[in-house]
Amino acid sequence: MTACAAACADAPSDETLARRYPLDRWYVAGFADELKDQPLGRRFLDQPVVMFRTPDGQVAALEDRCCHRSLPLSRGTLEGQGLRCGYHGLLFDALGRCLEIPGQPKVPTKARVRAYHLREKDHILWIWMPRQAGTAPICEPPDYPVHDDPRYRFGHGSYHYNAPWQLIHDNLLDLSHLGYVHLKTIGGNARLHMNAPTRVSSEGLGVTVVRHMAGSTPPPTYRAAWPFGETCDRWQEIVFQPSHLAIWTGAMAPGEAALDDPARGGFHMRGFHGITPESETTAHYFWSMSANRHPDLPDTLSTVIEQTRFTFDEDKGVIESQWAAMQRSGGPSAWVDIHTDAGGVRARRVISGLIAAQQVAAGAADLSPSAAAGAVDGVVA
């Protein structure tokens, strides 16, 4: 067995991946401005990937492993024709084909690495993770036009989580925690958050959670960005898809408009949240926050982004501590669901349903631990 074959033998099979993650879909791989003059290596769904930008501005993604001696190609350098390995100089193009082996005129036909479909859209990088290696995408990446909406400006960032990706879904689909975790930024009255009228609905693979909180005390981030009085009317609208969430939150003066009016004014925060598994127990969290500006106030975007980072730092601490405790206590089977968990429970059912369908299609009989963890018993919305 060659060194390349031995290395590839350690990679998860298509069948194994189908037992762990929803496949044949786009996942967030990062933000477009991350790809400049250096290759960028990340692991998605247990698969090491290197991303780079070609001289003509296109984005590309390859298996992050040279077929010669398995050095990660992310340790290489970009050249006019592609990506050169940093060990023995093999040069690969955007399709994974080896174009040159220094000192060797003939390049073996098998000297190539796997290529992934990578798209740049709305300032977001999307990578297609197929059920069968080499198959083409069956749809286009999702739209997120907010990034180019002239009413808003946005900032973005990312986190690496030492916790499974579905715990992040749980957190984002249940914003009742704001009144307990985020008092210094976007929190507010905890009891009002827990008692907020909430609507949960499902359509296809999507889950939507809508929460309204009239007569709320403006939290610190809102006061820094908008001239609120003593109270405001707040809203939270969360739309979940298996690979990402779009969250529209904000507030306006009491009684200014109906809380379900799509044209309502006031202060708006539109968050994009790309949650991509790195492994069954680690995850990437790619986020952006877009906000509007009050015409009578200076630009407060930097304040909003700074406080957003502080907020997400708090979430990361909570979720990673939660995961550490779950490893000791036995996981979701030990949970007791409450009324605010309805959105998260539905999202877990979507994920577990997708994985179960893949296993049926692949003829697999047993659920993996991560798939079983998606089937949480409890509150049904």
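Values in this text are rule-based calculations from the coordinates and carry no lab data. All of these numbers come straight from a predicted model, not from anything done at the bench. In this analysis, Cβ positions are derived from the backbone assuming ideal geometry, glycine residues included, and neighbour counts consider all displayed protein chains.
Remark: segment 287-299, residue by residue, has Karplus-estimated 3J(HN,Hα) of 10, 9, 10, 10, 9, 8, 10, 6, x, 9, 10, x, 4 Hz, where x stands for each Gly or Pro and the curve is 6.51 cos²θ - 1.76 cosθ + 1.60 at θ = phi - 60°. Computed over segment 145-350, relative contact order equals 28 percent, with contacts defined as Cα pairs under 8 Å that lie 6+ residues apart. Listed by chain and number, the lysines whose alpha-carbon sits under 20 Å from that of LYS36, ignoring those within fewer than 8 places in the same chain, are LYS121.
Considering all different alpha carbon pairs of the chain, the Kirkwood hydrodynamic radius works out to 22.4 Å. Close amide H partners of ASP46, meaning residues 5 or more places away or on another chain with modelled amide H under 5 Å apart, are SER279.
Here's how it looks for GLY76: its modeled amide H is under 5 Å from those of GLY86, which are all 5 or more places away or on a different chain. Arranged from fewest to most other beta-carbon atoms within 10 Å of their beta carbon, PHE44, PHE240 become PHE44, PHE240. Think of it as helices only: each DSSP H run of n ≥ 4 in the chain is worth -39500 (n - 2.57), and spread over all residues that comes to -7000 deg cm²/dmol at 222 nm.
For segment 3-129, what does the alpha-carbon gyration tensor say about shape, rounded, prolate or oblate, given a ≥ b ≥ c as the root eigenvalues, a/c under 1.5 as rounded, and a/b over b/c as prolate?
Numbers: a/c = 2.16, a/b = 1.17, b/c = 1.84.
Taking the square roots of the gyration eigenvalues as a ≥ b ≥ c, segment 3-129 is oblate.
By the beta-carbon count within 10 Å of each Cβ, the least crowded to most crowded order of CYS139, CYS98, CYS67, fewest first, is CYS139, CYS98, CYS67. In terms of the mean number of neighbouring beta-carbon atoms within 10 Å, the peptides 27-33, 51-57, 148-154 order highest first as 27-33, 51-57, 148-154. Sequence-distant contacts, meaning Cα pairs under 8 Å at least 6 residues apart, place the relative contact order of segment 1-155 at 22 percent.
Our coupling estimate for segment 276-281, obtained by passing each phi through the Karplus curve with A = 6.51, B = -1.76, C = 1.60 and θ = phi - 60°, is 10, x, 8, 8, 5, 10 Hz, Gly and Pro reported as x.
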